[in-house]
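Heads up, the thing below is written out as structure tokens.
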Amino acid sequence: MTNQIYSEVTASISEFKKNPMAAVDSGEGFPIVVLNRNKPAFYCVPAEIYEAMLDRLDDQEMVAIVKERLVEPSIRVDLNEL
């Protein structure tokens, strides 16, 4: 069975256990995938990237809420007035 890997940098679980920060640094600021028996076990994402991902998810949720509320008859807003 093949597995899709969403990172250019990989580390084995053994490498990661020996020196986690060296494994993270090998990604040069990008996520790395940690492999267990040549299968992706987890992705290690730098804090800055993780925070940006959460911000983006929050933005998408806010857009969905705004779109939902715009179709409610009692809350019609002309966006040009804002």
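The values are calculated or read from the model by the stated rules, or taken from the named source; none is laboratory data. Not measured: the values here are computed from a predicted model. Cβ sites come from the backbone with ideal geometry, for glycine too, and all protein chains shown count toward neighbours. Only protein heavy atoms, including side chains, enter the accessible area calculation; ligands, DNA and RNA are left aside. Shrake-Rupley method; radii C 1.70, N 1.55, O 1.52, S 1.80 Å.
Tell me which label goes with the value of semi-axes √(5λ) of the Cα gyration tensor in Å computed from the coordinates here: [x] 42, 15, 9; [y] 18, 14, 12; [z] 24, 15, 10.
Correct label is [x].
Considering only the chain, what is the antiparallel percent among its DSSP beta bridges, to the nearest 5?
55 percent
Stretched out fully, how many nm does the piece from Tyr50 to Glu15 gain, at 0.36 nm a residue minus the Cα gap?
That works out to 10.4 nm of additional length.
For the pair Ala22 and Lys39, how long in nm is the line joining their label points, each one 7 Å along Cα→Cβ?
2.7 nm
With a 1.4 Å probe and all protein chains left in place, how much of the accessible area of the chain comes from carbon and sulfur atoms, in whole percent?
Ligands and nucleic acids excluded, carbon and sulfur reach 54 percent.
Name the most mobile residue of Lys67, Lys39, Lys17, meaning the one with the largest mean-square fluctuation, in a Gaussian network model of the chain with Cα contacts below 10 Å.
Maximum fluctuation in the GNM of the chain, among the listed residues, is at Lys67.
Would you work out the relative contact order for the chain, in percent, from Cα pairs under 8 angstrom that are 6 or more residues apart?
Over the chain, the number comes to 21 percent.
Keeping every protein chain present and rolling a 1.4 Å probe, give me the accessible area per residue for the chain in Å².
Here the per-residue accessible area is 87 Å².
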